[in-house]
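Asks: My questions will all concern the structure given below.
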Amino acid sequence: MRTYDEPIEACFGAGSFSTLEDELPGLPAEFRWRSHTWRIREVEGHWVLADPRWAGDRVGVLAEQRDIWQVRARDPWQGREGVFQIYRHQHSDRWSLLAVLD
């Protein structure tokens with residue numbers, strides 16, 4: 001597994017070719033990362049990760065909660081396929097790529 005934690009552009013709605021967005025609201029149909037478009041074909045897992053942080057003498061102050069999706073996606077132009085962990089930031093509509101599984 002290679003970790004990145006880099007921003008991605010999540011694509012929803014018109015122009016996407018995936019039916020997963022209708023089945024799983026909140027999940028993008030495809031995403032763009034490093035100049036490639038990856039079309040989500042299958043969801044392999046979904047979980048919420050709470051990221052506790054230290055705050056002075058207090059432990060467990062919740063900094064951010066991550067809604068993580070493990071998806072199988074395909075680059076339709078180059079024919080490559082991969083498994084990715086992507087997540088939505090709790091307090092915004094921003095998405096990031098957490099990891100690529102080998």
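The values are calculated or read from the model by the stated rules, or taken from the named source; none is laboratory data. Keep in mind the model is a prediction, meaning the values are calculated, not measured. All Cβ positions, even for glycine, are placed from backbone atoms using ideal geometry, and neighbour counts span all protein chains on display. Ligands, DNA and RNA are excluded from the accessible area calculation, which covers all protein heavy atoms including side chains. Shrake-Rupley method; radii C 1.70, N 1.55, O 1.52, S 1.80 Å.
Asks: With the checklist (1) at negative phi; (2) at pLDDT below 80 in hand, flag the one item G56 doesn't pass.
Replies: (1)
Asks: Still on this structure, please answer the following. Filter the stretch 1-53 for residues that are open to solvent by 50 Å² or more (accessible area, probe 1.4 Å), at pLDDT below 85 and part of a loop (DSSP other than H, G, I, E, B) and give the result.
Replies: Those that are open to solvent by 50 Å² or more (accessible area, probe 1.4 Å), at pLDDT below 85 and part of a loop (DSSP other than H, G, I, E, B): F12, A14, G15, F17, T19, L24, P25.
Asks: Hey, another quick one. Report whether or not V83 is at pLDDT 95 or above, part of a strand (DSSP E or B) and out of contact with any Phe, Trp or Tyr (no Cβ under 7 Å at 6 or more places or on another chain).
Replies: Criteria met by V83.
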